[in-house]
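Input: a single structure, listed below in structure tokens.
The values are calculated or read from the model by the stated rules, or taken from the named source; none is laboratory data. Computed from a predicted model, the values in this text were never measured in an experiment. For neighbour counting, all protein chains shown are included, and Cβ atoms are generated from backbone atoms with ideal geometry for every residue, glycine included.
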Amino acid sequence: MSVYKHKSSPHYHFDFQVRGRRFHGSTGTGDRRKAEAIERREREKAKVLSKCDRDLPHTYGEAAARFWNEVGQHKVTADDTRRNLVWLGDAIGEDTPLVDITGDVVAKIVAKRRGERSKNGGKLVSNATVNRTVTEPLKRLLSRAKAWGVDLPSNIEWRKFMLKEPQERVRELRGDEDARIDLAMRDDYAPFFAFARATGMRLRECFLTWEEVDWDAGLIVKIGKGDRRITIPITPMVRSILLPLMGHHPIHVFTYVAMRPRGGHKKGLRYPLTYNGVKTVWRRLRKRADISDFRFHDFRHDFGTKLLRQTGNIKLVQRALNHADIATTTRYAHVCDEELAKQLETLQRSRNDSRNTDKKAG
């Protein structure tokens, strides 16, 4: 019995165990009710904690499902998040307890991903791909699990598993490449590409809805990379791109004209642009324009480089590109180096001209 009384003692004692924790002590003289109340209270608390434990995810599969429902499906990159969660589930095992996901497990799945090949070129996936599709998603998932209250046994040193990535190179349009792109462009896709070039927005961020276009405030407001709120000014150029598109679709800003009946689409009707559709069109367009070593993301680099060259203001470029950290913007610093070299050369010429003038005067 948990509550008892020794014959030789006037006190009631309690001694019981709940969820591995032992409670023992004594109450005042003859206060049996108080001892029993203590036991009831602790057992009720144990019931609540036990229910919470049942609600918490215990395996990778349970945690991934909850993460998807609470976070993943609402992200801008929901499709990528789903693919990453599925890949991790296959690599780790859906039924693997969360407490068994240790540094050794992370090391093994990172090695597994590094040994896979990309879909298009057959090359081994890059370090950046491994970080983006394995290490970072798993870190976010386990961090979320801790926030839910899951008792994970040890901290994983994530820095050990983040692979070194080469510094991203900055590529801008050169010579007549800009004109060649325009000549090869499909008319229905032209507004989308013009918008990307005029704003420097990331590819996924360019897929606008009319709700995100605030004509009165003169701003485009949406959720961008890292689920951060980003704003883009509606400049006269942007306005001239968007205004003719009104009425094409009630929700989506950018649409295309179906060239053939496929997938339930009717030839000649307009449908919203898709991420994969734009990627496919861009590959074909780049080939027709005879442009190599230029990704869609390089439109963003082109925008940032030209803006910095024109203004010389790296803080302004940071704001225009919606970089959270100015260290990211410093990749465009070579433009400042070019300008510095020009100014130093101008200074040197000025000094030489001054010396020559002095010699002639003497």
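Side notes on the structure shown:
- One residue stands out in region 256-291 among those that are assigned to a helix (DSSP H, G or I) and over 29 Å from the mean Cα position of the chain (by Cα): the one that is surrounded by the most Cβ atoms within 10 Å (Cβ to Cβ), namely Arg288.
- Here Lys112 fulfils each of the conditions (1) out of contact with any helix residue (DSSP H, G or I) (no Cβ under 8 Å at 6 or more places or on another chain); (2) surrounded by 11 or more Cβ atoms within 10 Å (Cβ to Cβ); (3) modelled with pLDDT of 90 or more apart from (1).
- Residue count for region 80-125, restricted to those that are closer than 16 Å to Arg140 by Cα and of a type in the set (Asp, Glu): 1.
- Tabulated pairs, region 168-180, first within 13 Å of Phe296 (Cα to Cα) and at pLDDT below 90, second hydroxyl-bearing (Ser, Thr, Tyr) and not in a loop (DSSP other than H, G, I, E, B), C-beta under 9 angstrom, 6+ apart or interchain: Val170/Thr305; Val170/Tyr332; Arg171/Thr305; Glu172/Thr305
- Among the residues of this structure, Gln310 does not count as one that is without any contact (Cβ under 8 Å) to a residue 12 or more places away in the chain and crowded, with 17+ Cβ neighbours inside 10 Å.
- Yes/no for Leu208 being buried (at least 19 other Cβ atoms within 10 Å of the Cβ) and in contact with a Lys or Arg (Cβ under 8 Å, 6 or more places away or on another chain): yes
- When residues of region 172-188 are limited to those that are part of a loop (DSSP other than H, G, I, E, B) and out of contact with any Phe, Trp or Tyr (no Cβ under 6 Å at 6 or more places or on another chain), the one farthest from Arg283 (Cα to Cα): Gly175
- Within region 67-82, one or more residues are surrounded by 14 or more Cβ atoms within 10 Å (Cβ to Cβ), basic (Lys, Arg) and modelled with pLDDT under 95.
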